[in-house]
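Right, one structure below, let's go through it.
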Amino acid sequence: MTELFVRELTEGIADTGVRAAFLKCAVEDELTPGVERVMRAVAQAHLRTGAPITVHTNANARTGLAAQDILRGEGVDLGAVVIGHSGDTTDLDYLHRLIDNGSYVGMDRFGLDMLLPGDQRVATVAALAREGFAERMVLSHDASCHIDWFPPGVRERIAPNWHYTHLHDEVLPALRRDGVTEAQLTTMLVDNPRRYFSPANG
């Protein structure tokens, strides 16, 4: 797997010539042997290429910590890692631990209110920003132009805010009302992604 990942980062995916920009792996409810194998291959590909890493995690199961343990054990600088879907929880202790370990936390599912209501997501980001952690958060919505999880029309009914403009139309104004500054928003939306994708990420 490591060789495959390296090739897709340096030469291109399949025969397209389109190179991947980052590595992604996933640990949902628990770290299984198969998941651990993939994560170690991702870590080795990162060490060979410098490509940043994003990890799909389950915040309620706190699997971001398990991901950090594996990646750090392989020699990865956790400053090159986004712990994805961290915004699915209001557990500040968990989020502090991820940040203290050096990773970015992905506050990246705005609009998926069935997983955590939007006002709680906003309050958690605002709380961390007030504590001085804007430099360790990235904001997003995890929306896609097409998804086949739901029959036609169901997504619009059960997740009406899960779309591309929700973040800018609704979330950013709510964060401003909750005291998040323009400088902090720029940090989370522009500076942190730029740093993450730069060769000297972290």
The chain - percent relative contact order, Cα under 8 Å, separation 6 or more: 17
Note, ³J(HN,Hα) from phi for the stretch 122-134, Karplus 6.51, -1.76, 1.60, rounded to Hz, x at Gly and Pro: 4, 4, 5, 4, 4, 5, 5, 5, 4, 7, x, 9, 4
Simple spin-label estimate for Thr165 and Ala61 in nanometres, 7 Å along Cα-Cβ: 3.6
Fully extended contour minus Cα-Cα distance, from Thr32 to Ala123, at 0.36 nm per residue: 29.5 nm
Long-range tail of P(r) for the stretch 1-97 (Cα pairs > 15 Å, %): 58
Using θ = phi - 60° and Karplus 6.51 cos²θ - 1.76 cosθ + 1.60, couplings along the stretch 28-33 (whole Hz; Gly, Pro as x): 8, 7, 7, 8, 8, x
Label selected from (i) 117; (ii) 128; (iii) 108, the criterion being volume of the Cα convex hull per residue in Å³ as computed here: (ii)
Amide H contacts of Leu23 (H built 1.01 Å from N, under 5 Å, at least 5 apart or other chain): Ile53, Thr54
Mean Cα-pair separation over length for the stretch 117-202, i.e. relative contact order, pairs under 8 Å, 6 or more apart, %: 46
Residue-averaged 222 nm ellipticity for the chain, from DSSP H runs of 4+ at -39500 (n - 2.57), nearest 500: -11500 deg cm²/dmol
Sulfur and carbon atoms: percent of accessible area, the chain [1.4 Å]: 52
Table column - 3J(HN,Hα) (Hz), the stretch 102-109, Karplus curve with 6.51, -1.76, 1.60, x for Gly and Pro: x, 7, 7, 9, x, 8, 10, 10
Cα gyration tensor shape for the stretch 1-56, rounded if a/c is under 1.5, else prolate or oblate: prolate
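The values are calculated or read from the model by the stated rules, or taken from the named source; none is laboratory data. Note that the coordinates shown come from a computational prediction; the quantities given were computed from them, not determined experimentally. Don't worry about glycine lacking a Cβ; one is built from the backbone with ideal geometry, like all the others, and counts go over all protein chains shown. Side chains included, ligands, DNA and RNA excluded: accessible areas come from the protein's heavy atoms. Shrake-Rupley method; radii C 1.70, N 1.55, O 1.52, S 1.80 Å.
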